[in-house]
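Before any comments, here is the structure.
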Amino acid sequence: MKVLVTGGAGYIGSHTTLGLLEDGHDVIVFDNLANSSVEAVRRVEELAGKKVDFREGNLLDADATDMVFAECDIDAVIHFAGLKAVGESVEKPLMYYRNNVVGTLNLLDSMEKAGVRHLVFSSSATVYGAAEHMPLPESLPLDATNPYGRTKEQIEDILSDLSEADPRWSITLLRYFNPVGAHESGQIGEDPQGRPNNLVPFVAQVAVGRRDKVVVFGNDYPTADGTGVRDYIHVMDLAAGHLAALRYMWKKTGTFRWNLGTGRGSSVLEVIEAFSEAAGRSIPYEFAPRRPGDAARSYADASAALTHLGWSAQRSLAEMCEDHWRWQSSNPSGFAREN
Ligand code: WQD
């Protein structure tokens, strides 16, 4: 199959592109490199022993997006491209709605024109908002609480309305929990620009000496050790989930939505401990007040993906930290971009 991967130079996109190549697919990566590096694509080619058709471009450029479909005989699309920093989305909502929602509308127009109607969309557990009901099932009403999360929720609505209106579409919405880890080679991994918003890349930068300590946002949550609990999932398991979704949907139409999580929660302190074990060094941290908008706990009901896709996360928190550490320690400055 020939698969277009938007945002395929990014963290989850590059790992999924590698999985697609290893599964025998041909891949076109369309990425504006705003928050990623073409070096990641080069390394994916090296790991797979197979070329990627890489095209730098922006989904907001409708002509360029049309051109990709006109020039390549695409069978399906996996759509990762999007901005994803919650804090930044609060400061710059228009940038997020334009980039994420308008960009997706352009992509859908190009797909429609080309008669390509198989789409896997990179959604997020953030669409569940401040739901207290744990674990989180896909049937929960959505209630995102920040502009980033609302772009994901709106795109999910757009996609289900589209497939309602035109039953030829086959659409899968994948709701990721907290992606961490890296390919076992240590050659590709998460390379956030500037100060990492997320816990594990921040912990990794402390472990490698780029930052002096972890700030733990809140130790007064109603959890076992008082720190926030999340469902961390290995990026390789996440990539496998995309391949399983593509296989499942290929001969079906309609809209499918699956949680991609482990179904298990780990606290901030448990993550710091596991990473310290993996890196073989202590990781300094200090407690600070809760981060506004953070929930005490969030973890997936991952049973539907197992039942329908035959997919479940295989890797442990220890493996996530070991693989993340191998990437970070082999690439202290990421893909050598000045952060
Ligand atoms: C995890 C835990 C923090 C940083 C976000 C997005 C979500 C998705 C995944 C895109 C929380 C604590 C964090 C730090 C800390 N992204 N923490 N110190 O907030 O669960 O989810 O990333 O789809 O949309 O909301 O992930 O890694 O930011 O936080 O104590 O420096 O670590 O309070 O308990 P989060 P996170």
- Name the long-range amide H neighbours of D294: under 5 Å, sequence gap of 5 or more, or other chain; modelled H, no Pro or chain starts. none
- Item | Hits among lysines - C-alpha to C-alpha of K213 under 27 Å, sequence gap 8 or more where chains match | K84
- Message: Given the -39500 (n - 2.57) contribution per DSSP H run of 4+ residues, what per-residue ellipticity at 222 nm results for the chain, rounded to the nearest 500 deg cm²/dmol?
- Response: -11500 deg cm²/dmol
- Query: Taking the alpha-carbon centroid of each part, what is the distance from the range 16-44 to the range 59-113 in angstrom?
  - Reply: 16 Å
- Query: Picking from A305, A64, M111, whose Cα lies most toward the positive end of the charge dipole for the chain (charges on Cβ: Lys, Arg +1; Asp, Glu -1)?
  - Reply: A305
- Item | Within the chain, percent of DSSP bridges classed antiparallel, to nearest 5 | 5 percent
- Task: Report the charge-dipole magnitude of the range 87-152 in Debye, nearest 20, computed about the Cα centre from +1 at each Lys and Arg Cβ and -1 at each Asp and Glu Cβ.
- Result: 260 debye
- Message: Along the Cα→Cβ direction, 7 angstrom out, place labels at M95 and S329. What is the inter-label distance in nm?
- Response: 3.5 nm
- Per principal axis, largest first, the Cα atoms of the chain extend in Å by 54, 42, 39
- When only Cα pairs under 8 Å and 6 or more residues apart are kept, what is the percent relative contact order across the chain? 19 percent
- Within the chain, which complete DSSP H helices have Cα atoms spanning at least 24 Å along the helix axis and a mean Kyte-Doolittle hydropathy of -1.0 or higher? 147-165
- Between S282 and Q193, what length comes free when the chain is fully extended (0.36 nm per residue of separation minus the Cα-Cα distance, one decimal in nm)? 29.6 nm
- Quick one: which residues, 5 or more positions from L260 or on another chain, have an amide H under 5 Å from its amide H? H modelled 1.01 Å from N in the peptide plane, none for Pro or chain starts. R175, Y176, F177
- Would you pull out the residues with amide H under 5 Å of G218's amide H, same chain only if 5 or more places away, H placed 1.01 Å from N? A288, R290
- Task: List, in order, the whole-Hz ³J(HN,Hα) value for each residue of the range 176-186 obtained from phi through the Karplus relation with A = 6.51, B = -1.76, C = 1.60 and θ = phi - 60°; use x for Gly and Pro.
- Result: 7, 8, 10, x, 8, x, 6, 4, 4, 5, x
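Where a number appears in this text, it was derived from the coordinates with a stated rule and is not lab data. Because the structure is a prediction, the values reported are computed rather than measured. Every residue, glycine among them, receives a Cβ derived from its backbone with ideal geometry; neighbour counts consider all protein chains shown.
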